[in-house]
1. With θ set to phi - 60°, apply the Karplus curve 6.51 cos²θ - 1.76 cosθ + 1.60 along segment 59-71 and write out the HN-Hα couplings as whole Hz, x wherever there is a Gly or Pro.
2. Along Cα→Cβ, 7 Å out, is where each label goes; now give me the distance between the ones at MET137 and THR89 in nm to one decimal.
3. Taking only protein heavy atoms and a 1.4 Å probe, what accessible area per residue, in Å², does segment 71-133 have with all protein chains in place?
4. Which aspartates and glutamates, if any, have their Cα less than 16 Å from the Cα of LYS74, not counting same-chain residues under 8 positions apart?
5. When the chain is fully extended, how far beyond the present Cα-Cα distance does LEU98 get from ALA59, taking 0.36 nm per residue of separation?
Amino acid sequence: MASVTGSALSMSSLSCSFKQSKVPSQISSLNSVSLPINGKFFPSIRLQAVAHRFKVSCAAKPETVEKVCEIVRKQLALPAETSVTGDSTFATLGADSLDTVEIVMGLEEEFGISVEEDSAQSIGTVQEAADLIEQLMEKKGA
């Protein structure tokens, strides 16, 4: 086991601070960090490797997002009280792979576009679908 002393340990959105006065923490492996509590060490934080990503996207118009929400609600036969927003994932709404294909077909028909298979497989949320629709409509108009 290794012992670490320092002023700060930062992981993603979690940050732990240590005083410079030899407050050790133990790293038992690259997957966990142990912090002292009353002189005993307990595995308290599990670490996961995450690839760094930088994503730039332009949000679709609210009208497009709302239309996609309506189509998703209709294709999945969701009750009126079910909340469907841009952040809604198809999986959370109960869509399986066949439902997702039907949603994409409904979007193609409604917006007069054609979605390639690899693009369709990358759609996971209502917002992603709306963004893709606007990109395809822009290309279609150009």
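1. 6, 5, 4, x, 5, 5, 4, 5, 5, 5, 4, 4, 5
2. 2.7
3. Numbers: 3530 Å² over 63 residues.
Per-residue accessible area for segment 71-133 comes out at 56 Å².
4. LYS74 reaches GLU66, ASP96, ASP99, GLU102, GLU108, GLU109, GLU110.
5. Details: separation 39, 0.36 × 39 = 14.04 nm, distance 2.63 nm.
Going from the current span to full extension adds 11.4 nm.
The values are calculated or read from the model by the stated rules, or taken from the named source; none is laboratory data. Here the structure is a predicted model, which means the values were calculated and not measured. No Cβ is skipped: glycine too gets one built from the backbone with ideal geometry, and neighbour counts run over all protein chains shown. For the accessible areas, the whole protein counts, side chains as well, though only heavy atoms, and no ligand, DNA or RNA atoms are used. Shrake-Rupley method; radii C 1.70, N 1.55, O 1.52, S 1.80 Å.
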